[in-house]
Amino acid sequence: MTAELHSRRTVLSTGAAVAGAAVGAVALSACSSEPGAKSGTAQAPIAAGTPLVALSDVPVGQAKAAKAPDGSDVIVARTSESAAAAFSAVCTHQGCTVAPKGADLVCPCHGSVFNALTGEVKQGPANKPLPSVPVKVENGKVVTG
């Protein structure tokens, strides 16, 4: 009878450990299930006045990819001869990095297309615009604002 109790105890404790691991895995995946979420990468605000690109490097009506000082990918668009706008380059559908293509920003993963000047969705599957990044033009450079 001792061997039978020991065997039952082993089975029950092993089952409890496996169940605990499964619950932990589900809890961890739920924490990062939002599209575009990356574990452990909280995005800190970019310091104001940080240069992103020279305004002259971006044709009017188009956009250029740039790196923010924190390493995040951004898109800088030239909205007029003297003004610019910027957006996160992270697609709001599944978190891939969009790329400028003429007056559009195109996601290479699932084909979403965004307006390069406004960040608005032109073609899904994305259904949310790209988040804007505050910028201004100072001394011929597009800087964070």
| message | Here is a list: 71, 140. Which entry is surrounded by fewer than 14 Cβ atoms within 10 Å (Cβ to Cβ), touching a residue at least 12 places away in the same chain (Cβ under 8 Å) and of a type in the set (Gly, Ala, Ser)? | response | 140
| Residues that are at pLDDT 95 or above and in contact with a Leu (Cβ under 9 Å, 6 or more places away or on another chain), drawn from the stretch 123-136 | 130
| request: Answer yes if at least one residue in the stretch 59-72 is of a type in the set (Val, Ile, Thr), under 20 Å from residue 129 (Cβ atoms) and part of a loop (DSSP other than H, G, I, E, B), and no otherwise. | output: no
| remark: Filter the stretch 87-105 for residues that are crowded, with 19+ Cβ neighbours inside 10 Å and β-branched (Val, Ile, Thr); the one that is nearest to residue 59 (Cα to Cα) is 98
| message | Any residue that is at pLDDT 70 or above and surrounded by 14 or more Cβ atoms within 10 Å (Cβ to Cβ) - is there at least one of those in the stretch 29-46? | response | no
| message | Looking at the stretch 106-137 only, could you name the residues that are among the polar types (S, T, N, Q) and either surrounded by 15 or more Cβ atoms within 10 Å (Cβ to Cβ) or closer than 14 Å to residue 85 by Cα (or both)? | response | 112, 115, 118, 132
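The values are calculated or read from the model by the stated rules, or taken from the named source; none is laboratory data. Being a predicted model, the structure only gives us computed values, none of them experimental. Glycine gets a Cβ as well: all are built from the backbone with ideal geometry, and neighbour counts include every protein chain shown.
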